[in-house]
Every structure is written in structure tokens, then in C-alpha cells.
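Worksheet: the structure to be examined is printed underneath.
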Amino acid sequence: MHTAVFHKEMASDIVRIALESETLSYKKKLMEEFVWAVYCNGRKMGYSIRRKSLSEDEIHVMQLLRGVSMGAGVLPPAGKEAAAAVDGGGEVTYIRARFERVVGSKDSEALYMINPDGAAGAELSLFFVRAH
């Protein structure tokens, strides 16, 4: 999902992201599935693939966010991209928050973002479902 599309959805105050696996095998746990169809607020956005290892850029982002316990913002591009970035190219938007995990069954789990101290703000929920 492009960042601009995600920002537009977040502006609506309620974002529901559903990741649906169509794997017919039940040998894996739900969160170990590799390919997911992605839906955002009921509209199909494409597919997501779970990676086995982090790229150098992802490691850099995780190191920058190590000291952040909660919040949202934009990180500048790293390395060579920083010198070539024009008009915000290469920036990374992040959300760091606490989530409540709810297991519905072996084929469904949900993560609900917890706003600190009941503060008003966008509501974000992630649903993981294995279709039958």
C-alpha cells in the first residue's frame, strides 16, 4: 500500500486492515503464513509477503526507532538515498504503538491499537484470517 493511500485512510479516523491467507494446509500456525491478500477498509489493496530476513534499510529504521516507545512520524532517507532525495523521496512513515492481541480461533487473530490514556486519535485494527 502506498504511504499516501495509508495517510488518506488514517485521516478517516478508523482503519481496518485485513490480511487473508488462502492456504489450505493447516500445518502452519496462522502467523507463519507467507502470502496474504491485503484489504484496507473493505477494499482490496494487493498482496503482502512475509520475508525471512530484514534488508539493510529495515535494520536502519529499527535502529532509529529503538528508543521510541510510542508515537508516529516521518524518518528521513538513509545513506546514499539521503543525498539523492528530492521532495520527500525515500522518507519512511512509522507508527509505534501498543496493541491488544485477540485470538478468535486457530484461523483468526486480531490486533487492536491501544491509544494512551484514552487519547482521541485514529483507530487502527489488524485482522489475520485463514480462509476456508
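The values are calculated or read from the model by the stated rules, or taken from the named source; none is laboratory data. Quantities reported herein were computed from a predicted structural model and do not represent experimental measurements. Ideal geometry is used to build each Cβ from the backbone, glycine not excepted, and the neighbour counts take in all protein chains shown. To get the accessible areas, we keep the full protein, side chains included, count just its heavy atoms, and leave off ligands, DNA and RNA. Shrake-Rupley method; radii C 1.70, N 1.55, O 1.52, S 1.80 Å.
Would you mind giving the three semi-axes, in whole Å and largest first, of the ellipsoid equivalent to the stretch 1-49 according to its Cα gyration tensor?
Over the Cα atoms of the stretch 1-49, the ellipsoid semi-axes are 25, 10, 8 Å.
May I ask you to list the lysines whose Cα is less than 21 Å away from that of K106, ignoring any residue fewer than eight positions away on the same chain?
Straight-distance partners of K106: K27, K28, K29.
Which lysines have a Cα less than 16 Å from the Cα of K44, not counting those fewer than 8 places away in the same chain?
K8
What figure, in Å² to the nearest 10, do you get for the accessible area of H2 with a 1.4 Å probe and non-protein molecules left out?
Surface accessible to solvent at H2 totals approximately 140 Å².
Under the Karplus relation 6.51 cos²θ - 1.76 cosθ + 1.60, θ = phi - 60°, what is the ordered set of whole-Hz ³J(HN,Hα) values for the stretch 14-20, x standing for Gly and Pro?
Residue by residue, the stretch 14-20 yields 10, 10, 10, 10, 10, 10, 10 Hz.
Roughly speaking, what is the stretch gain from I49 to K29, that is 0.36 nm per residue apart minus the C-alpha to C-alpha distance, in nm to one decimal?
5.6 nm
How many nm separate the modelled label positions at K8 and V68, each set 7 Å beyond the Cα in the direction of the Cβ?
2.4
Which one, E109, E22, E58, has the greatest fluctuation when you compute a Gaussian network model over the chain with C-alpha springs under 10 angstrom?
Looking only at E109, E22, E58, the largest GNM fluctuation is found for E58.
For the chain, what percent of Cα pairs sit more than 18 Å apart?
For the chain, the share of Cα pairs beyond 18 Å comes to 64 percent.
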